[in-house]
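Colleague: If you scroll down you'll find the structure; I have some questions about it.
None of the figures in this text is laboratory data; all of them are computed from the coordinates on show. No experiment lies behind these values; they were computed from the predicted model shown. All Cβ positions, even for glycine, are placed from backbone atoms using ideal geometry, and neighbour counts span all protein chains on display.
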Amino acid sequence: MRIQSELIHENNRSQADALEADYNALGEHLQRSSIDIEAVTQRASQFGVAIPSWGVGTGGTRFARFPGLGEPRHVFDKLDDCGVIHQLTRATPTVSLHIPWDDANPNELLEKANSLELGFDAMNSNTFQNQENQQHSYKFGSVSHTDVATREQAVEHNIRCIEIGKTLGSKALTVWVGDGSNFPGQTHMGRQFDRYLDSLKQVYTALPDDWQLFTEHKMYEPAFYSTVVQDWGSSYLIASELGPKASCLVDLGHHAPNVNIEMIVSRLARFGKLGGFHFNDSKYGDDDLDAGSIDPYRLFLVFNELVDLELQQGDNFRPAYMLDQSHNVTDPIESLMSSAMEVQRAYIQASLVDREALSNYQLNNDALMAAQTLKQAFRTNVDPILQRCRMNNGGAIDPISVYRESQYRQTVSEERPVVLGSSSGIV
Ligand SMILES: [Mn+2]
């Protein structure tokens, strides 16, 4: 562990009395609605969201990238940073790796992760940029390229990601593509989709029985006229064509402004095709801002659907929760901790919704009271639950202040030189 336990305990001790008072007050408040605060705290303990390995580096925009202090040099540094995030928040038990950015000996990766109490979430393939010594270019696409050799190369890369993931204990592959077009007429959209499906079917064949293949729709970028998996409809078609081991990943930033994402969540889940999430927030497009930083109510409404589904389907409902964001002006560790806590907050707030009352208001078409029922849960300050949960599990009541006190960033910056340019990418 990179943060001294004594520092965490000392900081927790200084806040323990105030937390006790706040927790008891919230407990009384919730008891009036027959909600047992201990049971809710237990739910918070069981919640986890994966950290994307690429998220611990500083991102960039199409303008520039300003490297931060002590950025990770390689995947082992990235795992150290992820370990700190989990140590303090106790809400991020897994890491999602990206190949080839995180290429390393799988056994060494496993050993490192074990030492940090981390596991591995979905593997992410990369056929949206050329790698060193790569024979065929992805400039005009990968799995849907017009050239069969390029498609084969992209399929092989995805299969390699599965092979690495098997050693690491991962159970899913997220297929990252930049395929699309920038000009009307540039591609035959129907034939391009056929080629995509044909390639993905080959990848699907290599998928172990207990794995999932995630397709992630994205409205635009890097292609600006059309993308091969443009919307949730395309994503659903792909997952249906491939079979039961394929499902859809919803990245909150990959929609047009004001699209009702919670409705998409409900639709995909209704037909068994909701695979998981990339959580982030946005104002205009795929802004990759910290989860809950712009529209926390939308995050809550997404979790309102997810908790409803969880209550109906129990253990059969296990979507993969991941963060996917880019940090241009903040310390990535602080932003990821903040996002993990916001996602956990939305989950707990959604767990407070009086579902019986909501259902009755819906049946009686009482729109006002139905909306009020959701708002009542959303307005509840669940900080004491989240704080108690972290403290009970050995984490910090206030992760960001402990992190700052620890001087972790300054310490690692002494061994990690500043990297100019960009080795990260956010999709
Ligand atoms: Mn994403």
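Colleague: F317 versus M369, label points 7 Å from Cα toward the beta carbon: distance in nm?
Modeller: Roughly 2.4 nm, to one decimal.
Colleague: Then there's this: Grab the eigenvalues of the alpha-carbon gyration tensor for the stretch 98-189, scale each by 5, take roots, and send me the semi-axes largest first in whole angstrom.
Modeller: Equivalent ellipsoid of the stretch 98-189: 30, 13, 10 Å, largest first.
Colleague: Also, I was wondering about something else. Would you mind ranking F303, F47 so that the residue whose beta carbon has the fewest other beta carbons within 10 Å leads the list?
Modeller: With the fewest neighbours first, F303, F47 line up as F47, F303.
Colleague: Dividing the Cα convex hull volume of the stretch 332-381 by residue count, how many Å³ per residue is that?
Modeller: Spread over its residues, the Cα hull of the stretch 332-381 gives 68 Å³ apiece.
Colleague: Charges only on Cβ, +1 for Lys and Arg, -1 for Asp and Glu: so what's the dipole of the chain about the Cα centre, in debye to the nearest 20?
Modeller: Once rounded to the nearest 20, the dipole reads 700 debye.
Colleague: Take the alpha carbon gyration tensor of the chain, find the square roots of its eigenvalues, order them as a ≥ b ≥ c, and report rounded if a/c is under 1.5; if not, report prolate when a/b exceeds b/c, else oblate.
Modeller: oblate
Colleague: Applying 1/(1 + (r/R0)^6) with R0 = 35 Å to the Cβ-Cβ distance of Q407 and Q362, what FRET efficiency is obtained, to the nearest 0.05?
Modeller: With a Förster radius of 35 Å, E is 0.10.
Colleague: Compute the distance from the alpha-carbon center of the stretch 253-269 to that of the stretch 152-168, in whole Å.
Modeller: 30
Colleague: Something else about it: So how far, in whole Å, is the C-alpha centre of the stretch 1-74 from the one of the stretch 322-339?
Modeller: 13
Colleague: Just flag the trypsin sites (Lys or Arg not before Pro) in the stretch 1-82 sitting in loop per DSSP whose Cβ has no more than 16 other Cβ atoms within 10 Å.
Modeller: Passing both the DSSP loop test and the Cβ count: R2, R32, R62, R73.
Colleague: How big is the antiparallel share of DSSP beta bridges in the stretch 229-365, given as a percent to the nearest 5?
Modeller: Once the DSSP bridges in the stretch 229-365 are tallied, antiparallel ones form about 10 percent.
Colleague: Angle between the Cα long axis of helix 5-31 and the longest principal axis of the chain, 0 to 90 degrees, nearest 10?
Modeller: Taking Cα atoms only, the helix is inclined about 70 degrees.
Colleague: With springs only between Cα atoms under 10 Å apart, run a GNM on the chain and tell me which of P399, P184, P222 wobbles the most.
Modeller: It is P184.
Colleague: Points 7 angstrom from Cα along the Cβ direction at E38 and Q186: gap in nanometres?
Modeller: 6.0
Colleague: On to the next question. Mind pulling the per residue volume of the convex hull built on the Cα atoms of the stretch 280-427? Å³ is fine.
Modeller: About 158 Å³ per residue, rounded to a whole number.
Colleague: Okay, which of the stretch 378-405 sit inside 20 Å, backbone N to the point 7 Å along the Cα-Cβ direction of L7?
Modeller: 390-405
Colleague: Sticking with this structure for a sec: For the chain, set up a GNM with springs between Cα atoms under 10 Å and report which of Q186, Q87, Q202 has the largest fluctuation.
Modeller: Its mean-square fluctuation being the largest, the pick is Q186.
Colleague: Then there is this: Label the stretch 4-59 by shape, choosing from rounded, prolate and oblate, from the square roots a ≥ b ≥ c of the eigenvalues of the Cα gyration tensor; if a/c is under 1.5 it is rounded, and otherwise prolate applies when a/b is larger than b/c, oblate when it is not.
Modeller: Because a/c hits 1.5 or more and a/b fails to exceed b/c, the stretch 4-59 counts as oblate.
Colleague: Can you give the helix-only mean residue ellipticity at 222 nm for the chain, where every DSSP H stretch with n ≥ 4 adds -39500 (n - 2.57) and the sum goes over all residues, rounded to the nearest 500 deg cm²/dmol?
Modeller: -15500 deg cm²/dmol
Colleague: Would you kindly give the portion of the calculated P(r) for the stretch 1-146 that falls above 28 Å, as a percent of all Cα pairs?
Modeller: Tail of P(r) above 28 Å: 42 percent of Cα pairs.
Colleague: Out of the DSSP beta bridges found with both residues in the chain, what percent are antiparallel (nearest 5)?
Modeller: 10
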